[in-house]
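The block underneath contains the structure these notes are about, expressed in structure tokens.
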Amino acid sequence: MVDLPLPGLDDQEGACVPDNLPPVVDAHVHVFPDMLFDAVWGWFDQFGWPIRYRLHTERLVEFLLQHGISHIVALQYAHKPGIAADLNRYMVDLVRKTKAVTGLATVFPGESSARRLLETAFNEGLKGVKLHSHVQCFEMDSPGMHAIYACCSDNSRPLLIHAGREPKSPAYPCDPYKICHWTHVERVLRQYPDLKLVVPHLGADEFEAYQRLLDRFDHLWLDTTMVLADYLPIANPPDISRMRLDRLMFGTDFPNIPYAWDRELRRLATLKLDEKSLRQVLSENAAALYQIDLDETIP
């Protein structure tokens, strides 16, 4: 179990994505309106880790693009009912201004208007849905969640759920170890064969179980966010070279990280994946899943 809070690192950061790497899509970047970002950072200061890059949305997008990231998949989540519509409009405005950003919608599970909110967001250009079980405290098998699964399936939109147990914190309003388990995800995958489901952080900390799920279900994807950075005190770090590389996506959690922006990218490059596999993980898998035309965004 990860024991929070954790310290920040003063590791060296690179000036740009290395020239020898293929285009990079960061498939896990957080954006929020300024006041909500400030509240999130305050929570991390007290319960998580020190945020190294306190950049609001416009500046963080500019930072990543200037440092060589080709495309950004932007995420946010509604921490309470009644705010998802405003958050989704905020995301729609962002993606309309910047071709290099693909945005996901959010909703609070159980809201009576969930389907209408999501379909409105899809019609306005958002490419999927982001939920966070630790913050929103939903049961994977609740009626509200089934409404979201059905909506995403019917509209062919991926659903990204922080469904892994880690990192756990007593500051969350619920115990992630009680509501998160790989078997819950397995049931969803069985019930909704048309649902494109993404689990971030490689399913931390149930890595072997999620590797097995990845082998069995073609409609499951994982992202690497924070796990490959050699930062979290994880006893059983996964070997991604043994996993389905056509179902893995690179992600960082930027800007909510306590170390250099390119730490995970540089460590991923040392794994000596073959060129095809590296291209899949760094850009092609995310581009295919979220319908990103990289030719429009790569200089």
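The values are calculated or read from the model by the stated rules, or taken from the named source; none is laboratory data. As the structure is a computational prediction, the values presented were derived from the model and not from experiment. All Cβ positions, even for glycine, are placed from backbone atoms using ideal geometry, and neighbour counts span all protein chains on display.
Computed values, structure above
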{"quantity": "Residue within region 66-85 that is surrounded by fewer than 22 Cβ atoms within 10 Å (Cβ to Cβ), part of a helix (DSSP H, G or I), touching a residue at least 60 places away in the same chain (Cβ under 8 Å) and not aliphatic (A, V, I, L, M) present", "calculated": "no"}
{"quantity": "Criterion violated by Asp205 - all others in (1) farther than 23 Å from Asp246 by Cβ; (2) of a type outside the set (A, V, I, L, M, F, W, C); (3) surrounded by fewer than 17 Cβ atoms within 10 Å (Cβ to Cβ); (4) out of contact with any His (no Cβ under 9 Å at 6 or more places or on another chain) satisfied", "calculated": "(3)"}
{"quantity": "Residue match in region 104-114 (condition: more than 18 Å from the chain's Cα centre (by Cα), on the phi < 0 side of the Ramachandran plot, crowded, with 17+ Cβ neighbours inside 10 Å and outside any loop (DSSP other than H, G, I, E, B))", "calculated": "yes"}
{"quantity": "Those residues of region 41-65 which are free of Cβ contacts under 8 Å to residues at least 24 places away in the same chain and under 21 Å from Val101 (Cβ atoms), in sequence order", "calculated": "His56, Glu58, Arg59, Glu62"}
{"quantity": "Of all residues making up region 242-299, the number that are among the hydroxyl-bearing types (Ser, Thr, Tyr) and assigned to a helix (DSSP H, G or I)", "calculated": "3"}
{"quantity": "Complete set of residues in region 16-37 that are exposed (fewer than 13 other Cβ atoms within 10 Å of the Cβ) and either in a helix (DSSP H, G or I) or among the charged types (D, E, K, R) (or both)", "calculated": "Asp19, Asp34, Met35"}
{"quantity": "Qualifying positions in region 5-40 - among the small types (Gly, Ala, Ser), in contact (Cβ under 8 Å) with a residue 40 or more places away in the chain and more than 18 Å from Met249 (Cβ to Cβ)", "calculated": "Gly8, Gly14, Ala15"}
{"quantity": "Number of positions in region 40-78 that are within 19 Å of the chain's Cα centre (by Cα) and over 30 Å from Pro23 (Cβ atoms)", "calculated": "3"}
{"quantity": "Among residues of region 1-40, those that are modelled with pLDDT of 95 or more, farther than 18 Å from His201 by Cα and of a type in the set (Asp, Glu), counted", "calculated": "5"}
{"quantity": "Given (1) assigned to a helix (DSSP H, G or I); (2) of a type in the set (A, V, I, L, M, F, W, C); (3) touching a strand residue (DSSP E or B) at 6+ places or on another chain (Cβ under 7 Å); (4) crowded, with 22+ Cβ neighbours inside 10 Å, index of the condition Val95 fails", "calculated": "(4)"}
{"quantity": "Enumeration of residues in region 183-195 that are crowded, with 19+ Cβ neighbours inside 10 Å and closer than 27 Å to Val2 by Cα", "calculated": "Val185, Val188"}
{"quantity": "Test result for Leu21, over 18 Å from the mean Cα position of the chain (by Cα) and within 22 Å of Gln280 (Cα to Cα)", "calculated": "yes"}
{"quantity": "Tally, over region 152-174, of residues that are under 23 Å from Leu222 (Cβ atoms) and either touching an Asp or Glu at 6+ places or on another chain (Cβ under 7 Å) or not hydrophobic (A, V, I, L, M, F, W, C) (or both)", "calculated": "13"}
{"quantity": "Residue count, region 197-228 (criterion: within 15 Å of the chain's Cα centre (by Cα) and among the acidic types (Asp, Glu))", "calculated": "1"}
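Rundown of residues vs (1) at pLDDT 95 or above; (2) crowded, with 21+ Cβ neighbours inside 10 Å; (3) not charged (D, E, K, R), yes/no style:
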| site | (1), (2), (3) |
| --- | --- |
| Pro143 | yes, no, yes |
| Ala147 | yes, no, yes |
| Cys152 | yes, yes, yes |
| Pro167 | no, yes, yes |
